[in-house]
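Peer 1: What follows is a single structure, and I will ask about it in a moment.
The values are calculated or read from the model by the stated rules, or taken from the named source; none is laboratory data. Note that the coordinates shown come from a computational prediction; the quantities given were computed from them, not determined experimentally. Here the Cβ positions follow ideal geometry from the backbone for every residue, glycine too, while neighbour counts run over all protein chains shown. Just the protein is used for accessible areas: all its heavy atoms, side chains included, with ligands, DNA and RNA removed. Shrake-Rupley method; radii C 1.70, N 1.55, O 1.52, S 1.80 Å.
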Amino acid sequence: MSITPQPASPTKETTMLTARVDRELLAAFDAVAEGRGGRSALLRTVLQQSLKHVADAPRIAPRSDSPGNRVNLRFTDAETAVLDYRAAQRGVDRAGWIKALVRRHLALKAGVDDGLRDAVAPIRMQLTRIGRNLNQAMKAGNAAMMADSGLQIDRELRRIADMREEINEQIAALADVLRGETAFWEVAD
């Protein structure tokens, strides 16, 4: 959403609120708005009612460093298709991918890519789970080595070997993500 100041009359200052919605939602909204003074009137009513509903909610001051400058870019259909494809690979929308790319090249943010963080989080969780299982298997293996233990050492060694293979798979997956992060920002000459 963007808000642009729009003086409505000499006595009252208003602003314009712009929101992007899909066509079906807009058609449904227009159908409701038709008998209620149109889009603007219905939207004002909805906003006023929503604010009354959350009147006791804590207020958060707007960030002082929020982006306010807009840059318009035009791309060919082929370029747009590539942008959409690359954005989808990273799990972000087109604008998010372009912002991340520009910020990365401007070196303004180190942790730009939320998609990378989301991709690495499950791998980290898997490695943590495997580490716990490995510790348990090692304890069981040590107990099995005792002469009076009824545990079978072969079974515990198989568990450890399976976990080692799983760790190697997760490390390879993590390496793929990190290689993708590096390749993601490289631009062909």
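Peer 1: Determine whether residue 19 is touching a residue at least 12 places away in the same chain (Cβ under 8 Å) and open to solvent by less than 60 Å² (accessible area, probe 1.4 Å).
Peer 2: Values: touching a residue at least 12 places away in the same chain (Cβ under 8 Å): yes; open to solvent by less than 60 Å² (accessible area, probe 1.4 Å): yes.
In short, yes.
Residue by residue, here is whether (1) in contact with a Gly (Cβ under 6 Å, 6 or more places away or on another chain); (2) at pLDDT 75 or above; (3) under 30 Å from residue 89 (Cβ atoms); (4) open to solvent by less than 100 Å² (accessible area, probe 1.4 Å) holds:
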position	(1), (2), (3), (4)
126	no, yes, yes, yes
145	no, no, no, no
149	no, no, no, yes
158	no, yes, no, no
164	no, yes, no, no
177	no, no, yes, yes
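Peer 1: Filter segment 1-54 for residues that are modelled with pLDDT of 80 or more and among the small types (Gly, Ala, Ser) and give the result.
Peer 2: Hits for segment 1-54 are 19, 27, 28, 31, 33, 35, 37, 38, 40, 41, 50.
Peer 1: Given the conditions (1) under 29 Å from residue 96 (Cα atoms); (2) in a loop (DSSP other than H, G, I, E, B); (3) at pLDDT below 90, which single one is not true for residue 73?
Peer 2: Answer for residue 73: the failing condition is (3).
Peer 1: On to the next question. Filter segment 76-95 down to residues that are acidic (Asp, Glu), in a helix (DSSP H, G or I) and within 30 Å of residue 176 (Cβ to Cβ), then give me how many there are.
Peer 2: Matching residues across segment 76-95 total 2.
Peer 1: Give the residues of segment 8-62 that are in a helix (DSSP H, G or I), under 23 Å from residue 95 (Cβ atoms) and charged (D, E, K, R), sorted by residue number.
Peer 2: Across segment 8-62, the qualifying residues are 23, 24.
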